[in-house]
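One structure is given below, encoded as structure tokens.
The values are calculated or read from the model by the stated rules, or taken from the named source; none is laboratory data. The structure displayed is predicted, hence computed values, not measured ones. Every residue, glycine among them, receives a Cβ derived from its backbone with ideal geometry; neighbour counts consider all protein chains shown. The area values use the complete protein model at the heavy-atom level, side chains included, leaving out ligands, DNA and RNA. Shrake-Rupley method; radii C 1.70, N 1.55, O 1.52, S 1.80 Å.
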Amino acid sequence: MSRFLVNSRVVHRVPALPLTVIQLSVVGLLLGLASLLIEPWPGRIGGVTLGWLVASVLLASTLRFFLQVHAQGLTTPSHAAVILMLEAVWTALLAAAWYRETMTLLQLSGCALIFAALLINRWYWVRRLFTRR
């Protein structure tokens with residue numbers, strides 16, 4: 001959450017692309033070095049594995065993070081927090097729709113609780129939406 005708050009303040013002064021590059025480069029270098037020192041590495045990594053790694057880094061992580069930072073610069077921190085709060089709900093619902101995943105009652109209850117928290121947090125705006133004529 002602290003990264004989110006810092007990003008919300010900094011993104012209004014620094015463009016999203018350089019901010020994303022700096023943040024991901026620092027994290028990648030520090031954790032890459034930690035991984036080299038701590039984790040066992042295989043003797044050989046195949047080309048297909050490297051291809052999926054690059055696709056995961058570029059598409060899934062970097063692009064998503066850039067879009068998130070850019071969007072944070074376009075709105076207030078409270079609105080961005082609401083959008084990010086729903087990330088888990090959208091992921092679960094899209095997985096259910098796209099991959100025909102099934103959700104347990106506990107998972108559905110979790111989605112409902114997150115959505116209810118959103119409605120409670122934004123009750124003023126929800127009420128205005130329905131009472132505006």
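Table for the structure above
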| quantity | calculated |
| --- | --- |
| Restricting region 83-119 to residues that are open to solvent by less than 90 Å² (accessible area, probe 1.4 Å) and among the β-branched types (Val, Ile, Thr), the residue that is farthest from Gln68 (Cα to Cα) | Thr104 |
| Residues being assigned to a helix (DSSP H, G or I), within 30 Å of His12 (Cβ to Cβ) and polar (S, T, N, Q) - total across region 69-116 | 3 |
| Any chance Val11 is out of contact with any Pro (no Cβ under 7 Å at 6 or more places or on another chain) and in contact (Cβ under 8 Å) with a residue 60 or more places away in the chain | yes |
| Any pair with Cβ under 6 angstrom, 6 or more apart, that starts in region 79-93 at a residue that is farther than 20 Å from Gln107 by Cα and ends at one that is at pLDDT 80 or above and of a type outside the set (Val, Ile, Thr) | Ala80/Gln72 |
| Options Gly73, Gly46: the member that is of a type outside the set (A, V, I, L, M, F, W, C) and without any contact (Cβ under 8 Å) to a residue 12 or more places away in the chain | Gly46 |
| Filtered residue count, region 120-133, keeping only those that are open to solvent by 60 Å² or more (accessible area, probe 1.4 Å) and touching a residue at least 12 places away in the same chain (Cβ under 8 Å) | 1 |
| From Val14, Val69, residue being over 17 Å from the mean Cα position of the chain (by Cα) and within 30 Å of Arg122 (Cβ to Cβ) | Val14 |
| Qualifying residue in region 40-57 (condition: out of contact with any Pro (no Cβ under 8 Å at 6 or more places or on another chain), modelled with pLDDT under 85, under 30 Å from Val6 (Cα atoms) and open to solvent by less than 100 Å² (accessible area, probe 1.4 Å)) | no |
| When residues of region 44-68 are limited to those that are small (Gly, Ala, Ser) and in a helix (DSSP H, G or I), the one nearest to Val27 (Cα to Cα) | Ser61 |
